[in-house]
Amino acid sequence: MHEIAMVNDVFRIILGVAAGNRISRIDTVNVVIGEYLQVKPSLFEFAFVAAREGTIASEAKLNLEVRPVSLQCLVCGHRFLLKETRYECPQCLGIKLDIVDGKDMFVKSIEGEQADS
Ligand SMILES: [Zn+2]
């Protein structure tokens, strides 16, 4: 269950961003997750709800955007989306492939309220 570690990363990032921008309350957290990471959104959400407790994001809503895995063939250069588990170029049947999208997790943005100066 790597979702907990990932959610801990998310909190390290968003609390750091909030501190650097004098955000006193985080309302929304937008996270992008590559399908390659095989995250279960329900587990991620569960870990998020546990982690937000007692922080300035205690009421925050989580928006998860799952990105499909995008591959590029190193032989012919063709780009395509990974379907099921076939690691094969549909154009030249090459198996030398590079993952060009959908393998990372990152915080896209957060929304919240800034502290009065
Ligand atoms: Zn190819």
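The values are calculated or read from the model by the stated rules, or taken from the named source; none is laboratory data. Note that this is a predicted model, so its numbers are computed, not measured. Cβ placement follows ideal geometry from the backbone for every residue including glycine, while neighbour counts extend to all protein chains displayed. The area values use the complete protein model at the heavy-atom level, side chains included, leaving out ligands, DNA and RNA. Shrake-Rupley method; radii C 1.70, N 1.55, O 1.52, S 1.80 Å.
For region 102-117, how many residues meet the condition of being touching an Asp or Glu at 6+ places or on another chain (Cβ under 6 Å), in a loop (DSSP other than H, G, I, E, B) and charged (D, E, K, R)?
Step one: of region 102-117, the residues touching an Asp or Glu at 6+ places or on another chain (Cβ under 6 Å) are 102, 111-112.
If we keep only those that are in a loop (DSSP other than H, G, I, E, B) as well, we get 102.
Going one step further and asking which of them are charged (D, E, K, R), we end up with none.
Total meeting the criteria: 0.
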Being part of a strand (DSSP E or B), out of contact with any helix residue (DSSP H, G or I) (no Cβ under 9 Å at 6 or more places or on another chain) and small (G, A, S) is the filter here, so list the residues in region 20-42 that pass it.
-> G34
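Residue-wise test of (1) modelled with pLDDT of 95 or more; (2) touching a strand residue (DSSP E or B) at 6+ places or on another chain (Cβ under 6 Å); (3) not in a strand (DSSP E or B).
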site	(1), (2), (3)
F44	yes, no, yes
A47	yes, no, yes
E65	yes, yes, no
V75	yes, no, yes
E84	no, no, yes
L93	no, no, yes
V100	yes, yes, no
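Looking only at residues in region 58-99 that are more than 10 Å from the ligand (Cβ to nearest atom) and in contact with a Lys or Arg (Cβ under 6 Å, 6 or more places away or on another chain), which one is most open to solvent (accessible area, probe 1.4 Å)? Steps first, answer last, please.
Pass one, region 58-99, residues more than 10 Å from the ligand (Cβ to nearest atom): 58-70, 81-87, 98-99.
This time we only want the ones that are in contact with a Lys or Arg (Cβ under 6 Å, 6 or more places away or on another chain), so: 58, 60.
Numbers: S58: 50, A60: 1 Å².
Per the stated criteria, the residue is S58.
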What are the residues in region 1-19 that are of a type in the set (A, V, I, L, M) and not in a helix (DSSP H, G or I), if any?
-> M1
